[in-house]
Each structure stands twice: as C-alpha cells, then as structure tokens.
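**Q** My questions will all concern the structure given below.
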Amino acid sequence: HDTFSFLPVPERVKLDGLIEKYQFSEVDFLAAETIDRYEKIKPIVAKSVKSNGTGEQPKWTRKLDKLLLHPFWGYVIFAFVLLVVFQAIFAWASYPMDLIDETTAATIDWVKGVLPEGVLNDLITDGILAGIGGVIIFIPQIAILFALVSLLEESGYMARVMVIMDKLMRKFGLNGRSVVPLISGVACSVPAIMTTRSISSRHERLITILVTPLMSCSARLPIYAILIALVVPSTKVLGILNMQGLVLLGLYLLGLIGALGSAWLLSLFITKKDPGYFMLEMPSYKVPRWGQVGMTMLESVKAFVCEAGKVILAISIILWVLSSYGPGDKMEQAEVQAVAASVNMPETEVSAAVASAKLESSYAGSFGRFIEPAIKPL
C-alpha cells in the first residue's frame, strides 16, 4: 500500500492485511470524518456569525472585482501595482537612506577625532561602524517593501491576484495558491515555503517549494541596491519613472521568470498522481489594520538587522582586515611609489592614489588579482 511506503515491509504487510480484513476504505473514512466535523461546526457558526441574509457582496465590491479579475486589465493592474512598489523602494526610501548615510559618516568622523590614532581607531571606525552603517542604511527600503506587501494582503487584493494568476500558473505546473509563496519569497524564502502547506496537491506543493528560493528575497535587496546605484544612472524615464526603480523591477521579474521556467521543467519530471484544485473564499475589501502593517514592518526589519546584519558586520570586519594589511612591506612600498608618482597633484588626488595603491597591494587586492582571470570576461 503506497500510503505506508515509509514503513518496513513486515509492518506494511500487517497493515495491508488489516485493511483487507475490515474492508477499510480511506475515501469513505475521510468523507465521514469531514461530514462529522462540519456537523459539529454548524451550530457554533450559527451562534457566532451574523448575516444580512443576502449572501451577496456589496455592489461596489462586485464592480471592483470585474476590473481586478478581468482577464486582461487584472494583469495590467497587478503589473502597475508591482511597478509602484519597486519605484517606492527607491524614490521614497532615498530620503531616510541619505539621512542615515550622512549621520553614519558624521559619527565615524567624530569617533576618528576622539580616539587616538592607531589600529583600534581604524577597526572601530572603518570596520565596525562602517559595517553597522552598511546594515542600517537598508532598513528604510526593507520597511517600505514589507509595509506595501502587507497592505496588499490586508486590503484583500492579494486574494484577487491569486485568482487571476491561477490560469497562468497552471501552465507551469503550479496553481493560484503558489502566488502567495512566490510573492512572499520576495520577503524571505523560509516563511514563504512554510505557506505552501495550503496547497492541497503534493505535486504542485513540491514544485512551489523547489522554485520559491529563485525569487529575489530581501537579503538580496542590499546587493541589488549597491549594484544598481553603482551601474545605473538615477535618470527619469517618461518624466516620472526612476531608471533605478525600473532596473530593480526587471531584476525581480527575472527571478519570477526563472522560478516559472524552473517550475515548468520540474513539472515534466515530477509525476502528478492527483489533479490539483484551486478553491478560495474571496475576502471582502477592507481598510488595512495599521497595527498589523506596523508589526509586519517591525518584524521584517528586526529579522534583517539581527540575522543578516550579523553576517554583514562580520564580513565588513574581515574585509577591513584584508584591505588594511598586506604581505610583507608591499603596502608601504606602494604608498611611497604612489606619492612619488603624484607630485604636483591636488591633495585629494594624492590621497585617492595612495589609498588605491595600498588597496591593490593588500591581501584583498592580491586575492582580487588571483581570481581576475575567472572574472575578466565580465
């Protein structure tokens, strides 16, 4: 019996014998248990739930659903909502991020002036404080992202997204409920994978679990932000859209395309034993519970700072050590050569040339040259 495939053979044989002896039917048992459960629930619901007797959604809700669930406009609106979310991450978050950046720089300068010069001063300022600054500067972006996703869930719109995406998802071996883990994967893959328990089909649930980590989670957001800020100019497109926001949206869409493509490939190899069903009770539209939105923001920021922050800070200190020291006296020689080559240059350019030469002669620079052949095609 397939149900007991995880048990040793003697136990499976014994259980199969009991099934035949008592003519046990799993389907009949489940049906009887479900009917019995609902018989117990019905009187509790009758006492607790008040109804206006119509059983229909308000007229304005039905009109809104005609638009949001439309086979064409539903997708257009969803794409626009995602565009707004990613534009907000760069446009709205830039002001608090600039403030945090300036405050961190001012704090580092103040500490450098207060502490005596030396290795301890450099470790605290260029290693620890710079590492902390590299963590907290992304708090506004993560807080805004989680706040907007929470608003979509709280308002009832996310359920509509699941409905319109079901038809598209089925082509890739998934169903409408797979949208929630995939969108949640934008925040964090771990809770996103936990939400797949609501998918009844084992086949669709397994594929969703396997492809959810391909979505761009918030841990990748700082990397995207740094690369976009480094490579993409902050120019306007069509007068209102920020180029950096559009590139960020493109990276997230790339993650979605990778996840859907992988899901389609996996669906060819993972056998489907039972048909998948998609049933959803459509929630009414609601004004979001702001306390819940605030709690979601707080928990997401806390998780990022406490979990990812520890790793970022540790790597920041390691990178400071690797970039501050070098083999033998190479860094001292590089500094002398840089100063000699920068005669008659402004002081700022001399400082930049010395810093660049020292970095190139450090352990980090040596490691960079070692891996250069591998990354040169990039």
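The values are calculated or read from the model by the stated rules, or taken from the named source; none is laboratory data. The model shown is predicted, which means the values in this text are computed figures rather than measured ones. Using ideal geometry, Cβ is built from the backbone for each residue, glycine included, and neighbour counts are taken over all protein chains shown. Areas reflect the complete protein model, heavy atoms only, side chains present, ligands, DNA and RNA absent. Shrake-Rupley method; radii C 1.70, N 1.55, O 1.52, S 1.80 Å.
**Q** Would you work out the charge dipole size for the stretch 1-153 about its Cα centre, treating the Cβ of every Lys and Arg as +1 and the Cβ of every Asp and Glu as -1, and quote it to the nearest 20 debye?
**A** 1100 debye
**Q** List the residues, sorted by chain then number, that are 5 or more residues from ASN242 or on another chain and whose placed amide H is less than 5 Å from its amide H.
**A** VAL237
**Q** Probe radius 1.4 Å, ligands and nucleic acids left out: which of HIS203, HIS70 has the largest accessible area, and how do the rest follow?
**A** Result of the area sort, largest leading: HIS70, HIS203.
**Q** Take the stretch 316-378, compute every pairwise Cα distance, and split them into 10 Å bins from 0; I just need the percent in each bin.
**A** 23, 42, 30, 6
**Q** Rounded, prolate or oblate: which one fits the chain, using the alpha carbon gyration tensor with axes a ≥ b ≥ c (rounded when a/c is under 1.5, else prolate when a/b beats b/c, else oblate)?
**A** It comes out prolate by the Cα gyration axes.
**Q** Normalising by the residue count of the chain, find the relative contact order in percent from Cα pairs under 8 Å and 6+ residues apart.
**A** On the way: 348 pairs, mean separation 65.1, N = 378.
Relative contact order, the chain: 17 percent.
**Q** Multiply the residue gap between TYR75 and GLN292 by 0.36 nm, knock off their C-alpha separation, and tell me the result in nm, one decimal place. Don't skip to the answer; put the middle values down first.
**A** Working: separation 217, 0.36 × 217 = 78.12 nm, distance 2.71 nm.
Result for the pair: 75.4 nm of gain on full extension.
**Q** Between GLN337, GLN244, GLN87, find the one with the highest GNM mean-square fluctuation for the chain; connect C-alpha pairs within less than 10 Å.
**A** GLN337
**Q** Now, a different point. State, to one decimal in nm, how far the label point of ASP28 lies from the label point of THR107, with both points 7 Å from Cα in the Cβ direction.
**A** Calculated label separation equals 7.0 nm.
**Q** Based on Cβ point charges of +1 for Lys and Arg and -1 for Asp and Glu, what charge dipole magnitude is obtained for the chain about its Cα centre, in debye rounded to the nearest 20?
**A** Taking the Cα centre of the chain as origin, the dipole is about 1940 debye.
**Q** Once fully extended, how much extra length lies between MET345 and ASP36, figured as 0.36 nm per residue of separation less the alpha-carbon to alpha-carbon distance?
**A** That works out to 102.5 nm of additional length.
**Q** Then there's this: Going by the alpha-carbon gyration tensor, a ≥ b ≥ c the square roots of its eigenvalues, is the stretch 1-133 rounded (a/c under 1.5) or, if a/c is not under 1.5, prolate (a/b greater than b/c) versus oblate? Spell out each step's value before the answer.
**A** Working: a/c = 3.37, a/b = 1.68, b/c = 2.00.
Judged from the Cα gyration tensor, the stretch 1-133 comes out oblate (a/c at least 1.5, b/c at or above a/b).
**Q** Also, I was wondering about something else. Short version: ³J(HN,Hα) in whole Hz for each residue of the stretch 257-262, in order, from phi by Karplus 6.51 cos²θ - 1.76 cosθ + 1.60 (θ = phi - 60°), x for Gly and Pro, what are they?
**A** Here the 3J(HN,Hα) series is 4, x, 5, 5, x, 5 Hz.
**Q** Using a Cα-Cα cut-off of under 22 Å, which lysines could be cross-linked to LYS330, ignoring same-chain neighbours fewer than 8 residues away?
**A** LYS358
**Q** For the stretch 294-357 and the stretch 90-104, what is the separation of their Cα centres, given in Å?
**A** Cα centroid to Cα centroid, the span is 21 Å.
**Q** Right, next: On a 1.4 Å probe surface of the protein chains, which of TRP110, TRP320, TRP92 comes out largest in accessible area, and what is the full order?
**A** TRP110, TRP92, TRP320
**Q** In addition: Where is the GNM fluctuation largest for the chain (alpha-carbon springs, 10 angstrom cutoff): ALA355, ALA91, ALA263?
**A** ALA355
**Q** May I pose another question? Given charges of +1 on the Cβ of Lys and Arg and -1 on the Cβ of Asp and Glu, with all other atoms neutral, how large is the dipole of the stretch 240-378 about its Cα centre, in debye to the nearest 20? The partial results should precede the final answer.
**A** Numbers: 10 positive and 11 negative charges, 143 e Å.
Charge dipole of the stretch 240-378: 680 debye, to the nearest 20.
**Q** Work out the P(r) tail for the stretch 249-360: percent of alpha carbon pairs separated by more than 20 Å, whole number.
**A** 76 percent
**Q** Oh, and also: Summing +1 for each Lys or Arg and -1 for each Asp or Glu, what net charge is found among the other residues whose Cβ lies under 15 Å from the Cβ of LEU18?
**A** Computed value for this residue: -1.
**Q** Still on this structure, please answer the following. Holding the Cα-Cα limit at 25 Å, pick out from LYS66/LYS167; LYS66/LYS171; LYS66/LYS286; LYS112/LYS310; LYS21/LYS272 the pairs that are longer than that.
**A** Checking Cα-Cα distances, LYS21/LYS272 exceed 25 Å.
**Q** So for the chain, taking the charge dipole from beta-carbon charges (+1 Lys/Arg, -1 Asp/Glu), which of SER198, LEU69, ALA364 sits furthest toward the positive end?
**A** Farthest towards the positive pole: LEU69.
**Q** Specify which residue in the list LEU7, TYR95, ASN121 is farthest towards the positive end of the charge dipole of the chain, using unit charges on the beta carbon of Lys, Arg (+1) and Asp, Glu (-1), about the Cα centre.
**A** LEU7
**Q** Taking Cα centroids, how far is the stretch 58-85 from the stretch 198-242 in Å?
**A** 22 Å
**Q** Additional query: Quick one: among ILE137, ILE226, ILE128, which has the greatest mean-square fluctuation in a GNM of the chain with alpha-carbon springs under 10 angstrom?
**A** Sorting by GNM fluctuation, first place goes to ILE226.
**Q** Counting only protein heavy atoms and using a 1.4 Å probe, what share of the accessible area of the chain belongs to carbon plus sulfur, as a whole percent?
**A** Details: 16450 of 24090 Å².
After summing per-atom areas, the C and S share lands at 68 percent.
**Q** Could you give me the ³J(HN,Hα) list for the stretch 299-314, computed from phi with Karplus coefficients 6.51, -1.76, 1.60 and θ = phi - 60°, whole Hz, x at Gly and Pro?
**A** Computed from phi, the couplings for the stretch 299-314 are 5, 5, 5, 4, 5, 5, 5, 6, 8, 5, x, 4, 5, 4, 5, 4 Hz.
**Q** Also, quick follow-up: Roughly how many nanometres apart are two label points built 7 Å out from the Cα toward the Cβ at LEU378 and ALA46?
**A** 6.7 nm
**Q** Could you tell me which residue out of GLY173, VAL186, LEU227 lies farthest along the dipole of the stretch 126-241 toward its positive end? Charges go on the beta carbon: Lys and Arg +1, Asp and Glu -1, centred on the Cα centre.
**A** With unit charges placed on the Cβ atoms, the residue in question is GLY173.
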